[in-house]
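The values are calculated or read from the model by the stated rules, or taken from the named source; none is laboratory data. Small disclaimer: the values here were computed from a predicted structure and weren't measured. Quick reminder, even Gly has a Cβ in these numbers, built from the backbone with ideal geometry, and neighbours come from all protein chains shown.
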Amino acid sequence: MAAQIQGFDENNQRISTQDLLMQIYSALVQGENEFEVLSSGHHDIGGPLWRENGQPLKFRVKNPGQRVGSFGLEGTQIIVDGPAPADAGWLNAGAELIIKGDSGDTTAHCAASGKIYVAGRVGTRSGSLMKHDPAFSAPELWVLKNTGSFSFEFMGGGTAVICGIGCEELESILGDRSCMGMVGGTIYVRGAVRNLPGEVLLLDLDEADIAYLKAGLPEFLAKVDRSQHLDTLSDFSRWKKITAKTYEERQLSKSTRISMREFRLNKWVGDGGIFGDLIKDDYDFTAGLVNTGDNRLKIPHWRNKAFCAPCEASCPSSIPTQDRINLLRKGEYKKAIELVLNYSPFPGSVCGEVCPNPCMDSCTRQFIDHSVAMPALGKLSLEASSPQPKTDSGKKVAVIGGGPGGLSAAWQLRLLGHAATVFEADKEVGGKLRQVIPTDRLPADTLSAEIQRVKDMGVEIKTNEAINSDMFASLQNDYDAVVIASGAHNPVVIPFPGHERLVKGLEFLKDVNNGKNPTVGEKVVVIGAGNAGMDVCLGAYAMGAKKVTAVDIQRPAAFRKEIDHFEKLGGSIEWPVFTDRVDEKGLHTKDGRLIEADTIIIAIGERPDLSYIPLEWLDDRGMAMVDACGQLVKAPGVFAIGDTIKPGLLTHAIGHGREAAQYIDSYLAGNAPVAKVKPPMISQECLSKELFRPQNRGRFKADANQETNRCLSCGTCRDCEMCLEACPEGAIRRVQKEDGGFEYVSDAEYCIGCGICAGLCPCGIWGMEQVV
Amino acid sequence: METVKLNDVTVNDLPWKIDYNASRCTMCGSCVAACSFKAIKVKVERRRMVFSEGDIPEPKSRFSAVPVIRQVNSIRDYCRGCGMCEKVCPNDAIKPVRNPDTRHPIVTRCLAGDSIKRGGRKNLENTSRTLDAIRVGRISQMTDPSLDAQRHTFDLLAPFGRILPPKGLSFSEAQNGQLNSNANMPPVNWIYPVIIGDMSIGALSWRMWEGVAMAVAYLNEECGLPVRMCSGEGGVPKRLLTSKYLKYMILQIASGHFGWNRIVNAMPEMTEDPAGVLIKIGQGAKPGDGGLLMAAKVAEHIQAIRGVPKADLLSPPNHQGLYSIEESVQKMFLSFNAAFKFRVPVAIKVAASATSVSVFNNLVRDPYNIVGGFFLDGIDGGTGAAHEVSLDHTGHPIVSKLRDCYLAAVKQGRQGQIPLWAAGGLGKTGDLAADAFKMMCLGANGVFTGKLILQMAGCIGNDLGRCNACNTGLCPAGITTQVPQLAQRLDPDKVAQNIVNYFLAMDTELKKLMAPIGNSSLPIGRADALVSMDKAVADRLQIQHVC
């Protein structure tokens, strides 16, 4: 006889849940195993309850409230005669719960063991968070009809069977969006389901599934008194099962979307993408941060001789000293000392003695220790034998003036195979080299040796031949071309008061060199502190002056070397000095000072005397009006050089002579001369001077034969192979050419454009083309 | 003897210094090959040691010359701190280090005699952001259930287009119970609340721009996220205009009208309508200034699409034909509505400013129902190129300005009628979902972002002055350059994939923020969900102050 538990008191009033449950507990203590409960919505009937002796407990409940059978333990059976509200079997821990009608929302929520049988529908979120603790048997939920939406959310284990009886019309027997977050367990469904999440699989049954249902269905139907449906439910072709994807399957399913590349190739705007008609680009190629070939940010080029060495660039005669020294380095001594004669017939006199050597002022080596010893190199060539001239062309050229410019032009013309005749007004050629340069600056032997070398080349020389306009006209007739190289010999004088007292510097120097010993007073003032002024100053001392003062209106233009020489003799330079007048006391400045002088010499330059050519051939400064090739604009075939076109140094005149010869060569060949432009001077930035060990200046001794180690060879490859060694990719090759030459090549297939070759090249040959 | 003079530019004048360790360097050349700014070079260094080994002074010296990597001393080719050298160095021998003693702002102006320009972003303000002072503080629990972000159905859709109030709708009920529209209704596209902001094909490399466009198409077609992208001013490739993907593009028109000739000419071949048209009046990063595309980036295809030769391309700071707000409404809105036969919504973008609310109030009246959105752009956003003084010293932050506009609409009972879209440094910390969410709670219908998209693609620039060289055309990441050698560093598939993944992640995060406050649709104006521990911020934005 089961314990009768009434949810009503003697007055038929509903008692509280607590009172009802207390009745159950006391009956249990009294040894009752079975309970008939007439409830009126009392909650939590059925668990967690147990007998000390382990005997099973059985409840028959009518009209229960929420959470019937919740927390029920194994050994407890609860039969609800009719429907149950929400949370039936909540947290079921092992009980058997049989509900013979519908069951409310969240039926079997969190059920972890035991079995729940429902003869009708279950509400929303039923079976959610069902799980299986392996220490206990798996929970089961059997439902005859269907579930509400959101059921089996976050299900982790156990089994649910949803039979779908009478649900044929439903779109889904699991309602909408069930199984969200499901990670484990199995749900058998008979009927349509929809809107399942991607984390679960809807599968056909296998043999084990069918065996499970075959075994379980009769028991379920019997317990809920619905055995009449057994045949219907035994058509297993109508069943499916839902399982959660395994962790591994989930990882895979994350990448079930097509790859971006597939999207691009198969779905995106075809044929090269949206820019395909504008830009050629292969999107399957992605460059690295470091690349070879066309993807380099910069590309090296071996630019041998693309830039002038500073010495060559600043030498008015364009003498390429680096070539000389490269020959010396190769041991080709003779070739090296002869090379210079292709540029100047006066290496000994000019390079070696009187030239202020602008080459040395720009020489890269000065930034390491001292400039390369150019004068010493020049002197080496004093004895050099002349180059072989070209075969006679049959053309002849008249050169007016036998100074350094005229002789240079004649020398070069001979080398080019033309006949050259020099017309010199003086008794001997040499021009200012001979006439005005003090002999202690230029030994007479040196000059005559070099003049003799010019003569030996076959230059015809006519001295005491001052040219006038008639003679000029006949020269034009008799010769194929004429070079005007008569220099500047008209001293410039400023007409301030007393200017007639002035001695003209040029004449003074000429007198000195001609042995006329012009007299000077003890105190001499020289107006003009340029290089010519310095020569005058030296001349004044040589003629017995005690104190020489040079004045200038601006910073002295003379080269340092000249000034030093002058100052060593006791001379001084004053500037800025503006002359107001000169008289017997000396030079009066505009600011009222008197610089005492017995003799005042003016040396502020000379102008050319071109009275032998028509006035309209001159520019408004009285110079020959020439084009970029030195050819007179108004007289084709007549070329002017040196001081007749612009005041300059001896070396300028020599350079002009060489250029004029080359232009005349084209002119004589019937071609219009084209002005040559020297390559630009190499930037010091390009030269890795650090590769050269500086010599100790304190112990330095200039030795032309040691310069091979000192010249950097700016702009001309010295073939040192630094680049070959340093290239990290081994991309550089040295290619020997058949003509004895060589070149270095960077292979685009290996080169990454790092610029190490350019960064360490001592000569600045490798340059980087900036692509980006 | 070194010949350095006082005013010679030295490394210490520059914003970044190269930290180089010659003893670890193998002279592999990778760093110098990779540096797009020519900021490092190879140089030979002398090593000289004078020593004596004997019992008495016996001078000896040892000399060697070794190639090394050197930083370039130049205000033109200077290190931007992009770190590509560090990235490629196999030996950790080189890296850029920020130079706190930089004289760059002074030296550059002194030497160049020109204003400093750069790309990127705000560099001066490194103070904490307003949005970071705001938290989502209303967490539903006992009073109302929070939603489950994972299983709940969320509606993350924002309007692009004019929303009519209920009284403005003109419906009648048909016999079958269906509603019939009786009049022309303004077009509205319901789209994802994050628009990819307007970056032009001139500003970005073609690989980048196409990568972004592809990401947008992929998000729509493969992921179901209706994300839209704004073209930026500078044209749209014809192939995109005539493809079905045009429907994901918002076409921009700015003061230069660049590229519109080709857009108009492509109309007969269009198979889809664009998602919208955005009239750009101003940009938050450089308010009051027009677009600036440096000549280095005006590649051939850009010249063609824009119809200009290679030059620094300036867009005027204002539309040449506009003199008043009224005229802007009538001319620009009417014409662009008409151009697409009133099927495409048209919105306007302005820089946040002290007068934004007035402008917005004017538009809110919108008698013609043609104002499809108000895009408000604050400082802290990015730009391809601008004068540094504009980037650093002009502009208005977005947060309070957006709030003001929203509250102005609320006051008139017209909130939501002209959708509000906000931008300006959103997602700056990498968390766009949080920023977007907070902006929506403050009243934005959605947000737009550009700078963050670049960072998804691999941009290494930041707000502390790293890189910020978008204007130079030398972008080391291949993003803001038109040089093939650099652009090809960028893998467009990877760009697209990163953007797609970021949006998917952000989508999850937005739901993670919507769920706790119990919103299943976007929380527009739900300022009650926000709290701030900063009293000033709380008071200014009218949100709860907490402490």
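Quick look at the values:
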{"read-out": "Residues within the stretch A:151-184 that are within 12 Å of another protein chain (Cβ to nearest Cβ), in contact with a Gly (Cβ under 7 Å, 6 or more places away or on another chain) and at positive phi, tallied", "value": "2"}
{"read-out": "Members of the stretch A:747-768 found to be surrounded by fewer than 24 Cβ atoms within 10 Å (Cβ to Cβ) and more than 12 Å from every other protein chain (Cβ to nearest Cβ), listed by number", "value": "A:Asp747, A:Ala748, A:Glu749, A:Gly767"}
{"read-out": "Condition met for B:Asp101 (more than 30 Å from A:Pro728 (Cα to Cα), surrounded by fewer than 18 Cβ atoms within 10 Å (Cβ to Cβ), more than 10 Å from chain A (Cβ to nearest Cβ) and in contact (Cβ under 8 Å) with a residue 40 or more places away in the chain)", "value": "yes"}
{"read-out": "Filter result for B:Gly288 (under 23 Å from the mean Cα position of the chain (by Cα), on the phi > 0 side of the Ramachandran plot and either surrounded by 17 or more Cβ atoms within 10 Å (Cβ to Cβ) or of a type in the set (Asp, Glu) (or both))", "value": "no"}
{"read-out": "Positions within the stretch B:11-65 being assigned to a strand (DSSP E or B), free of Cβ contacts under 8 Å to residues at least 60 places away in the same chain and out of contact with any Ser or Thr (no Cβ under 7 Å at 6 or more places or on another chain), in sequence order", "value": "B:Ile40, B:Lys41, B:Val42, B:Lys43, B:Glu45, B:Arg46, B:Phe51, B:Ser61, B:Arg62, B:Phe63, B:Ser64, B:Ala65"}
{"read-out": "Residue satisfying all of: in the stretch A:691-720; under 28 Å from the mean Cα position of the chain (by Cα) and more than 14 Å from every other protein chain (Cβ to nearest Cβ); surrounded by the fewest Cβ atoms within 10 Å (Cβ to Cβ) among these", "value": "A:Asp719"}
{"read-out": "Selection count, the stretch A:672-690, where residues are in contact with a helix residue (DSSP H, G or I) (Cβ under 9 Å, 6 or more places away or on another chain) and not in a helix (DSSP H, G or I)", "value": "12"}
{"read-out": "Considering residues of the stretch B:446-457 that are in contact (Cβ under 8 Å) with a residue 60 or more places away in the chain and not in a loop (DSSP other than H, G, I, E, B) only, the residue farthest from the chain's Cα centre (by Cα)", "value": "B:Gly446"}
{"read-out": "Pairs with Cβ under 9 Å, 6+ apart, first in the stretch A:421-446 and under 22 Å from A:Met457 (Cα atoms), second surrounded by fewer than 18 Cβ atoms within 10 Å (Cβ to Cβ) and among the β-branched types (Val, Ile, Thr)", "value": "A:Val422/A:Thr463; A:Phe423/A:Thr463; A:Glu424/A:Thr463; A:Ala425/A:Thr463; A:Asp426/A:Thr463; A:Lys427/A:Thr463; A:Glu428/A:Thr463; A:Val429/A:Thr463"}
{"read-out": "Count of residues meeting criterion [facing chain B (nearest Cβ under 7 Å), part of a helix (DSSP H, G or I) and not basic (Lys, Arg)] in the stretch A:250-291", "value": "2"}
{"read-out": "Lone qualifier among B:Val88, B:Val50, B:Val97, B:Val32 - being among the hydrophobic types (A, V, I, L, M, F, W, C) and touching a helix residue (DSSP H, G or I) at 6+ places or on another chain (Cβ under 6 Å)", "value": "B:Val88"}
{"read-out": "Test: A:Ser688 is at pLDDT 95 or above and within 14 Å of chain B (Cβ to nearest Cβ)", "value": "yes"}
{"read-out": "Total residues in the stretch A:723-746, condition assigned to a strand (DSSP E or B) and either within 7 Å of chain B (Cβ to nearest Cβ) or among the basic types (Lys, Arg) (or both)", "value": "2"}
{"read-out": "Whichever residue in the stretch A:185-227 is surrounded by 17 or more Cβ atoms within 10 Å (Cβ to Cβ) and within 14 Å of chain B (Cβ to nearest Cβ) and, among such residues, is nearest to A:Ala119 (Cα to Cα)", "value": "A:Leu196"}
{"read-out": "Those helices (runs of 4 or more DSSP H) lying entirely in the stretch A:306-356 with at least 1 residues closer than 21 Å to A:Asn709 by Cα and touching a Pro at 6+ places or on another chain (Cβ under 7 Å)", "value": "A:310-314, A:333-339"}
{"read-out": "The stretch B:266-278 - residue that is away from chain A (no Cβ under 14 Å) and either surrounded by fewer than 22 Cβ atoms within 10 Å (Cβ to Cβ) or among the polar types (S, T, N, Q) (or both) and, of those, nearest to B:Ala352 (Cα to Cα)", "value": "B:Asp273"}
{"read-out": "Residue within the stretch B:236-256 that is part of a strand (DSSP E or B), under 18 Å from A:Trp268 (Cβ atoms) and either more than 12 Å from every other protein chain (Cβ to nearest Cβ) or touching a Lys or Arg at 6+ places or on another chain (Cβ under 8 Å) (or both) present", "value": "yes"}
{"read-out": "Search result, residues across the stretch B:458-498 that are surrounded by 24 or more Cβ atoms within 10 Å (Cβ to Cβ), in a helix (DSSP H, G or I) and more than 10 Å from every other protein chain (Cβ to nearest Cβ)", "value": "B:Cys470, B:Asn471"}
{"read-out": "Which numbered condition B:Arg540 fails, given (1) out of contact with any helix residue (DSSP H, G or I) (no Cβ under 8 Å at 6 or more places or on another chain); (2) of a type outside the set (Val, Ile, Thr); (3) away from every other protein chain (no Cβ under 14 Å)", "value": "(1)"}
{"read-out": "Residue check, A:Asp294 at the interface with another protein chain (Cβ under 10 Å from one of its Cβ atoms) and assigned to a loop (DSSP other than H, G, I, E, B)", "value": "no"}
{"read-out": "Residue that is nearest to B:Lys401 (Cα to Cα) [pool: residues in the stretch B:538-547 that are crowded, with 19+ Cβ neighbours inside 10 Å and touching a residue at least 12 places away in the same chain (Cβ under 8 Å)]", "value": "B:Leu541"}
{"read-out": "Flag for A:Asp209 being modelled with pLDDT of 95 or more, in a loop (DSSP other than H, G, I, E, B) and not aliphatic (A, V, I, L, M)", "value": "no"}
{"read-out": "Test for B:Ile201: is it assigned to a strand (DSSP E or B), at pLDDT 90 or above and crowded, with 22+ Cβ neighbours inside 10 Å", "value": "no"}
{"read-out": "Conditions (1) in contact with a helix residue (DSSP H, G or I) (Cβ under 7 Å, 6 or more places away or on another chain); (2) closer than 23 Å to B:Leu219 by Cβ; (3) of a type in the set (Ser, Thr, Tyr); number of the one not met by B:Thr508", "value": "(1)"}
{"read-out": "Among residues of the stretch A:403-417, those that are crowded, with 24+ Cβ neighbours inside 10 Å and touching a helix residue (DSSP H, G or I) at 6+ places or on another chain (Cβ under 6 Å), counted", "value": "9"}
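Every residue, every condition in (1) within 14 Å of another protein chain (Cβ to nearest Cβ); (2) not aliphatic (A, V, I, L, M), yes or no:
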{"residue": "B:Cys28", "(1), (2)": "yes, yes"}
{"residue": "B:Val42", "(1), (2)": "yes, no"}
{"residue": "B:Phe51", "(1), (2)": "no, yes"}
{"residue": "B:Glu58", "(1), (2)": "no, yes"}
